[in-house]
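*Asks:* One structure coming up, written as structure tokens, with questions to follow.
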Amino acid sequence: MPVTTAVALVVLASWGVVLVTRGRVRRAVAAIGALASAGCVAAVVIGWSSVTDSLRSDLAGVGVTDVSFSHTAWFWAAAVGALLSLVAPVLAVRLVPTWPRWAAGTTRR
């Protein structure tokens with residue numbers, strides 16, 4: 001499902017922004033990442049149920065009717081990845097206030 005790749009890029013970009021921002025902006029971007037991750041989970045669930053039907057109808061269009069299908073381990077890998085990508089920004093939204101902030105003009109040691 002192409003939408004999964006696009007949504008995963010939004011999740012990745014939100015993590016880049018979370019790392020370089022502070023305060024409310026960091027929390028808002030983590031929330032956007034959580035919403036995008038929820039979309040990724042939804043795409044995997046929808047893909048699980050619709051991909052075999054879609055493939056079966058496409059093959060029936062060219063005359064192939066007696067084919068059996070099964071999901072591979074890649075669907076499980078996608079499901080685990082989508083769930084992990086959902087857990088991380090949800091935890092970030094919750095824990096952002098406890099993360100350290102560096103004041104402008106100071107050096108870290």
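Residue-by-condition table, conditions (1) among the aliphatic types (A, V, I, L, M); (2) within 10 Å of the chain's Cα centre (by Cα):
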{"position": "9", "(1), (2)": "yes, yes"}
{"position": "30", "(1), (2)": "yes, no"}
{"position": "34", "(1), (2)": "yes, yes"}
{"position": "38", "(1), (2)": "yes, yes"}
{"position": "45", "(1), (2)": "yes, no"}
{"position": "49", "(1), (2)": "no, no"}
{"position": "56", "(1), (2)": "no, no"}
{"position": "59", "(1), (2)": "yes, no"}
{"position": "70", "(1), (2)": "no, no"}
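*Asks:* Give segment 73-106 a look and list any residue that's more than 25 Å from residue 12 (Cα to Cα) and hydroxyl-bearing (Ser, Thr, Tyr), or say none.
*Replies:* Taking segment 73-106 and keeping what is more than 25 Å from residue 12 (Cα to Cα), we get 103-106.
Within segment 73-106, just 106 meets the criteria.
*Asks:* Quick check: anything in segment 52-73 modelled with pLDDT of 90 or more and not small (Gly, Ala, Ser)?
*Replies:* Checked segment 52-73: no residue is modelled with pLDDT of 90 or more and not small (Gly, Ala, Ser).
*Asks:* Return the pair list, or none, for Cβ contacts closer than 6 Å from residues in segment 7-19 that are touching a residue at least 12 places away in the same chain (Cβ under 8 Å) and under 14 Å from residue 38 (Cα atoms) to residues that are of a type in the set (Ser, Thr, Tyr) and surrounded by 15 or more Cβ atoms within 10 Å (Cβ to Cβ), at least 6 apart or on different chains.
*Replies:* Partner pairs satisfying both residue conditions: 11/37; 11/85.
The values are calculated or read from the model by the stated rules, or taken from the named source; none is laboratory data. Just so it is clear, the structure is predicted and the values come from calculations on it, not from any experiment. Quick reminder, even Gly has a Cβ in these numbers, built from the backbone with ideal geometry, and neighbours come from all protein chains shown.
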